[in-house]
Structures are given as C-alpha cells and as structure tokens.
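Q: One structure coming up, written as structure tokens, with questions to follow.
A short reminder: the numbers here are calculations on the coordinates, not readings from a lab. For clarity, every value in this text was computed on a predicted model and none was experimentally measured. Virtual Cβ from ideal backbone geometry, glycine too; neighbours counted across all protein chains shown.
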Amino acid sequence: MPRSDFDRRLAAARSGDEASFTELFRSVQPSLLRYLSTMGGPLADDVAADTWLSVVRGLDRFRGDESGWKAWVFTIARARLVDAQRRAARTPTPVDTDVVLDGCAATDDVAGTVEDMFSTEAALALIGQLPAQQAEVILLRFVGGLDVGQTARALGKRPGAVRVASHRGLKRLAELIAEPAVTPRAPGTVRQ
C-alpha cells in the first residue's frame, strides 16, 4: 500500500498515468539538466532524453523512496553521459548556434531571465574549472541534491572519496571566488 505522495505518484506512473510521471520528471529534470550541461556541454539534451528513455523502460524495476528516485535517475544519467562522451570523441559533430538560438522563446521579463541565466551560468562555469572528479561530486551533491552515499553509488566510489572530493572542490571554489579576475570556462569544458 503506498505510504506517501511520492509512492502514490510512482505507483500511478507505473500504471501509465502521464500526469504522475510528469510530476516525477519535474522533480528531477532541472537539476539533472544543470548537471548534464556542466559535465557534458552540448551533449546535455540528448543525454537527458536517453536518460528518461531508460527511466521509463526501467520504472517497474525501481525500488526506493523519493531520495532514492533522484539518485537512481542521476546514476542512469551519468552512465548515459559517459556513453555519449565516448561516442562524441569518436565522431565530432558541428553545431549551428543560429539554429539553436532561433528555437529559444522570448520571455516577458528579459532582464530577470538574463540575470538568472548569468548567475547560474557563472556558478556552473566556476564549477567547470574544477578537476572533473571534484566538479562531478559538487554537481551531484549540491545541484542534484544527492547525499554522500547516493553520490558514491552513482560514481562507483567510496563515501570517503566523495567527502574528500567534495571538501577539496568546495575549498577550490572558495579560492576561485576570492580571485579578483575569474575567467570562467564555458559549461561542458570541465578540466580533466
């Protein structure tokens, strides 16, 4: 018998209720896209689509609570991102930015939207200056909202290694913020 709203949404989504699945999707998608765009750059949208396809296919196999749901989706996303990065390394694809920008809808509050975009992009760009392992841990812990154990399972690492990477990453971010002339990297260009 479902105990919580999450359990009821999950049960309904498994039964084919689109509205319930949409709620589950919306609970993770914003932070998932931030993670993917910082770690994968232009691959983010395709990887997100592949992730959700895998989630739909495996929905009946998921067991856990709302926190476990998030961790499960991020674990799938990370695996899909690694696969996509391997494919991209073998076959580079040029992107026409004019086509991408033409597809963006205008908003009523342009100033507010731009301010939000720059503050988010600046934060993600700072995270992108970290070594890859630290950036990934910071993104999963603080953007994705995963705890240490969930992050460790998603990355295939021990909790202690996650804590150390998180500590080092946060310390380096503090140093970067304190530097007078920070030149952030574009999202998707995490240092290797």
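Q: Taking the Cβ of residue 63 as the center, what net charge do the other residues with Cβ under 13 Å away carry, scoring Lys and Arg +1 and Asp and Glu -1?
A: With Lys, Arg at +1 and Asp, Glu at -1, the neighbours total -2.
Q: In nm, what is the difference between 0.36 nm times the number of residues separating residue 82 and residue 56 and their Cα-Cα distance?
A: Working: separation 26, 0.36 × 26 = 9.36 nm, distance 1.96 nm.
The residue 82-residue 56 span can extend by a further 7.4 nm.
Q: Right, next: Considering only the other residues whose Cβ falls under 14 Å of the Cβ of residue 170, what net charge follows from Lys and Arg at +1 and Asp and Glu at -1?
A: In short, +3.
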